[in-house]
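Shown next, in structure tokens, is the structure this report addresses.
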Amino acid sequence: MIEINNLTKVYHTSAQDITALENVTLSVNKGEIFGIIGLSGAGKSTLIRCINMLEKPTQGSIIVDGQDISLFNRHELRIARQKIGMIFQHFNLLSSRTVFDNILFPLEIARVPSSEARRKVNELLELVGLTDKATGYPSQLSGGQKQRVGIARALANDPKVLLSDEATSALDPETTRSILSLLKDINRNLNLTIVLITHDMNVIKQVCDRVAVIAESRIVEINDVLSIFSNPQTPTSQSFLNAIMNKDIPEGILQRRNTDTADTISKLIRVSFIGASAGEPLISSMVQKYEVKANILYGNIDHVKDTPFGNLTMELIGQPVLVNEAMDFLFENGLEIEVLQNV
Amino acid sequence: MFELITAFDLNSFFSSHLGENAWIPMKVLLSTWESIYMVFISTFFSYVFGLPLAIILVTTDKGHIMENNPANKILGSIVNAVRSIPFIILLILIIPLTRLIVGTSVGTVASIVPLTLAAIPFVARLVETSLKEIDWGLIEAALSMGANARQIISKVLIPEAVPSIILGVAITAINLVGYSAMAGVVGGGGLGTLAYTYGFQRYRMDILLIAVFILIVLVQGIQLAGDKISNKILDKRR
Ligand SMILES: Nc1ncnc2c1ncn2[C@@H]1O[C@H](COP(=O)(O)OP(=O)(O)OP(=O)(O)O)[C@@H](O)[C@H]1O
Ligand SMILES: [Mg+2]
């Protein structure tokens, strides 16, 4: 649905030239939710704004639905933009218009006949659950409601693509979840392609099919979300994951550890698991099989698109041979093992 | 319409046909009406020209929806040039133009021409400020929907700036009250002429004070009305 080839964007400012994007190539499939994650200043907004030509690329082509929109003249571009919806971090609703009229706005722009446009607005109000707020003004709405208006507005002209620039960054976690699930519903029901930008791995985890990691103006990794979570390839991806995985073990837990006795040792390990091989059943069968004690100290279990993944930090206590055999057992069953402390 | 009013000059009618003092309240009323009339009409026309000028100034600016550097620079300098001419000099300078448009260079209607001309660049800058206050995100949202420049101006820029523009109208009108009094001194009619001919030339302190008092009331009234209308619109949106 979207093909970006060798996209480079340089901002010329009076002080210096800033390269915001360098040789970015990626493609977004029809009907998928594609995430772009990166730190502040990495070039995420620049990238998404190039997709609807709010920023003109310095180099490279951007093909949306088979057409290179970087070659369009102004008139063609305006028509193309009607089919590329966009939502924003700060909603950007018109304070001079009611909720109803805000959603009507893009239909006015596209010169949709009034009766048809009004019917469409009512449909959209229902879709985003704001029918009762139709005559209110944006300032009377909560952040989540404002973003729902933003989404309704973006969908008004039946776009093929929806671009979302940090659409949930100004919202609390609960509201973020509801907005994301709305986006997911829309994606499923309308088969709408969504490109979303975020700096929060939780957002990626909740809705994205694939993700591109962008660091210092370049794409450093593109993969499906599950693979990024199970096997991040770059330090940037890793640090985003760590931020939500709490891999750092709290100090107190390390201090409460048992010490070794004459014939037993204690090993601090972290097992990471993903997918069907959920950790806990394996650990209980390991305990039964090998006569080691497993003292679970800390853990995280989460789901990426219905697939469980997570990590457990635990202490294995037992005879040295048995402890090693137990670890082999876990490894053979597809868990990843990391020895944190060998005592 | 203009000719009718100038042809029938009430001021000279009163002073030549009737006794002086008996008609002073009438004269005060008439002068007040003339002042209001001058201010109202010149405010109106200064927006007819100043508002589009402001829109062009804003939208042709760098990075804006109709970026055009030469046009922006040229218009900007013209606006600055006219603004830098003191009103009293402008008044004299454009007498030929005033004659061309109104047929005479004295009287209430004739004052409207210099008043409007002086206010146009002022209005342009004032409205420009109002339009620049609008969050760029709103313009960007409209662009992302495929809006053209005309749609952005009429559906985003102006409606969003209306409360602020109305406050500007009040400021403009208040300025024009002051300017109209100045025009009055050189025969422009209204409270300025009243204050000058009675207060200064005939030492009628009482009339001078009355004129000043009415001017104060006028200015307060305009400010009050501006605030009220602007707040009413903002309240609705809140
Ligand atoms: N209009 C502009 N003019 C000049 N430089 C710009 C402009 N827009 C962005 N930049 C620069 O380009 C780089 C990338 O900016 P961009 O806004 O794409 O980052 P981002 O990843 O969206 O960051 P954030 O998470 O903070 O929104 C930054 O160094 C920024 O300063
Ligand atoms: Mg950004």
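The values are calculated or read from the model by the stated rules, or taken from the named source; none is laboratory data. All values reported here derive from a predicted model rather than from experimental measurement. Please note: Cβ atoms are built from the backbone with ideal geometry, for glycine as well, and neighbour counts cover all protein chains shown. These area figures cover heavy atoms from the full protein model, side chains too; ligands, DNA and RNA do not enter into them. Shrake-Rupley method; radii C 1.70, N 1.55, O 1.52, S 1.80 Å.
Key figures for this structure:
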| read-out | value |
| --- | --- |
| Charge dipole (chain A, unit charges on Cβ, about Cα centre) - positive-most of A:100, A:125, A:326 | A:100 |
| Cα centre as origin, Lys/Arg/Asp/Glu Cβ charges: region A:2-236 dipole, Debye | 540 debye |
| The protein assembly as shown, helix-only ellipticity at 222 nm - DSSP H runs n ≥ 4, -39,500 (n - 2.57), divided by all residues, nearest 500 | -17000 deg cm²/dmol |
| Rule-of-thumb Rg ratio for chain A [Cα; 2.2 N^0.38 Å; N residues] | 1.23 |
| Residue mean of other protein chain beta carbons inside 10 Å, B:134-142 | 5 |
| Peptide A:86-96, shielding by other chains (average Cβ, 10 Å cutoff) | 6 |
| Measure of compaction for the protein assembly as shown (Cα Rg per 2.2 N^0.38 Å) | 1.44 |
| Gain on full stretching of the segment that runs from residue A:218 to residue A:83 - 0.36 nm per residue minus C-alpha separation | 45.9 nm |
| Antiparallel bridge percentage (DSSP; both residues within the protein assembly as shown; nearest 5) | 70 percent |
| Listed residues A:119, A:49, A:81, most fluctuating in chain A (Gaussian network, C-alpha, under 10 Å) | A:119 |
| Residue of A:232, A:173, A:159 that the Gaussian network model of chain A assigns the largest fluctuation, springs spanning Cα pairs under 10 Å | A:173 |
| Protein-protein interface of region B:193-238, residues with accessible area decrease of at least 30 Å², isolated chain reference, 1.4 Å probe | B:236, B:237, B:238 |
| Cα-based Rg / Dmax (Å) for region A:41-130 | 15.5, 44 |
| Degrees between helix B:24-59 axis and first principal axis of chain B (Cα, 0 to 90, nearest 10) | 20 degrees |
| Summed buried accessible area for A+B [probe radius 1.4 Å, Å², rounded to 100] | 2100 Å² |
| FRET efficiency for residue A:244 and residue A:73, using Cβ-Cβ distance with R0 set to 45 Å, rounded to 0.05 | 0.55 |
| Burial order of peptide ranges A:60-67, A:163-170, B:82-89, B:51-58 (average beta-carbon count within 10 Å, highest first) | A:163-170, B:51-58, A:60-67, B:82-89 |
| Of A:263, A:158, A:224, the one that fluctuates the most in a GNM where chain A has Cα springs shorter than 10 Å | A:263 |
| Spatial separation of Cα centroids for region B:145-192 and region A:220-235, in angstrom | 58 Å |
| Between region A:158-175 and region B:75-99, the alpha-carbon center distance in angstrom | 52 Å |
| Degrees between helix A:173-190 axis and first principal axis of chain A (Cα, 0 to 90, nearest 10) | 60 degrees |
| Model label zone, residue B:82; criterion: amide N under 11 Å from point 7 Å along Cα-to-beta-carbon; scope region B:104-120 | B:114-120 |
| DSSP beta bridge pairing in chain A, given as percent antiparallel to the nearest 5 | 70 percent |
| With every protein chain in place, chain B: carbon and sulfur % of accessible area (1.4 Å) | 71 percent |
| Surface per residue (accessible, 1.4 Å probe) for the protein assembly as shown, Å² | 48 Å² |
